Amino acid sequence: MNIHRPRKRFGQNFLRDQHVLDRIITAAQLHEGDRILEIGPGVGALTNRLLETGLPVLAVEIDRDLGAILQKRADKNLEVVIGDVLRIDWGDLLRNPPYKLIANLPYNISSQVLFRVLEHRQSFQRLILMFQKEVGERLIAQEGSREYGILSVLMQTWFQIDRVVKVPPGAFYPPPKVDSVVLCLEPLTESRIDLVDEERYRKLVRGAFAQRRKTLRNSLLGSGWEPEHVDRAFEKTHIDPRRRGETLTLEEFGRLANALQADETGA
Ligand code: SAM
């Protein structure tokens, strides 16, 4: 039998703790009719548990050797796509939405996966994802904390995010150097705030955190926002331009984005 040597460059830390696997499966609330997307099935610890439910699993694996082993299993419920999930067109991949995305993500791609999830959020029903603890903390961080940033604001705008279980390094082979956490992300039926223009909102949030040490006004100007629009929007929303981006609530980001939209378009 071929023993697979874990490849560091693909972030291969294989889950071997049955308790953590149980918690992931329970949190996924799997029901008849669900379709599952797994990113990085690896040697299949999670995949096997998902297949035991009898539900269809679409799995994307970058490692050709591991992908080929899974493909050979010829399980009618398992479709394996070999490739880099960040290079695949998600519109093609998510042909039969909605999906439950369940994955022990490689740490180095988790932020990029989340930005894809945001873009395609209508295609997801529920997400159970393993993160490096620090990334997980950023996702649930509230305004005013050091961890609060672009991902916290954008993900919380469209998802309810809850912690499922903390995971120590020993739950994996080989053990990573960091702690991990599994989070449940549930898409909200409506975003937490009323937004006139989502694209502007995203651009505002990125701009507000572009230079964290600067005031909100300077950070926005540094990212290309025009001073006259920005200043009128601050005045209209009564948001102090000397504040730092990390102190703004989602609601304040929303009001500011809507005021900027009105000012820029003369609406
Ligand atoms: N799901 C398995 C488990 O829980 O034991 C493996 C998890 S391991 C942390 C991450 C997996 O993602 C590895 O199998 C790795 O090869 C795969 N992977 C890494 N980068 C990827 C990418 N860009 N696209 C698809 N799969 C990737």
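The values are calculated or read from the model by the stated rules, or taken from the named source; none is laboratory data. Worth saying up front: this structure is predicted, and the values here are computed from it rather than measured. Note that each Cβ is placed from the backbone with ideal geometry, even for glycine, and that neighbours are counted across all protein chains shown. With ligands, DNA and RNA removed, areas are computed over all heavy atoms of the protein, side chains included. Shrake-Rupley method; radii C 1.70, N 1.55, O 1.52, S 1.80 Å.
In this structure the chain gives 51 Å² per residue of accessible area when probed at 1.4 Å with all protein chains present. Here residue 17 sits with roughly 50 square angstrom of accessible surface, probe radius 1.4 Å.
Test of understanding: what is the full-extension gain from residue 31 to residue 81, defined as 0.36 nm times their sequence separation minus their Cα-Cα distance?
Value of the extension gain: 15.6 nm.
Within the chain, the longest run free of trypsin sites (Lys or Arg not before Pro) that sit in a DSSP loop with at most 11 other Cβ atoms within 10 Å is 1-75.
List the DSSP H helices in the chain whose Cα atoms stretch 18 Å or more along the helix axis and whose mean Kyte-Doolittle hydropathy is at least 1.6.
None clear 18 Å together with a mean of 1.6.
The fraction of accessible area contributed by carbon and sulfur in region 126-235 is 45 percent, rounded to a whole number (1.4 Å probe; ligands and nucleic acids excluded). Count Lys and Arg as plus one, Asp and Glu as minus one, and take only other residues whose Cβ is under 12 Å from that of residue 64; the net charge is then -3. For the chain, the Stokes-Einstein estimate of translational diffusion at 20 °C and a viscosity of 1.002 mPa s comes to 107 µm²/s, using the Kirkwood hydrodynamic radius over alpha-carbon pairs. Give the shape of region 102-224 as rounded, prolate or oblate, defined through the alpha-carbon gyration tensor: a ≥ b ≥ c are the square roots of its eigenvalues, a/c under 1.5 means rounded, and otherwise the shape is prolate if a/b is larger than b/c and oblate if not. Verdict is oblate for region 102-224.
When the surface is traced with a 1.4 Å probe over the full set of protein chains, residue 57 keeps roughly 0 Å² accessible. Across region 1-87, the convex hull enclosing all Cα atoms gives 107 Å³ per residue. Within the same chain, lysines fewer than 8 places from residue 8 are excluded, and of the rest, those with a Cα less than 20 Å from its Cα are 133, 177.
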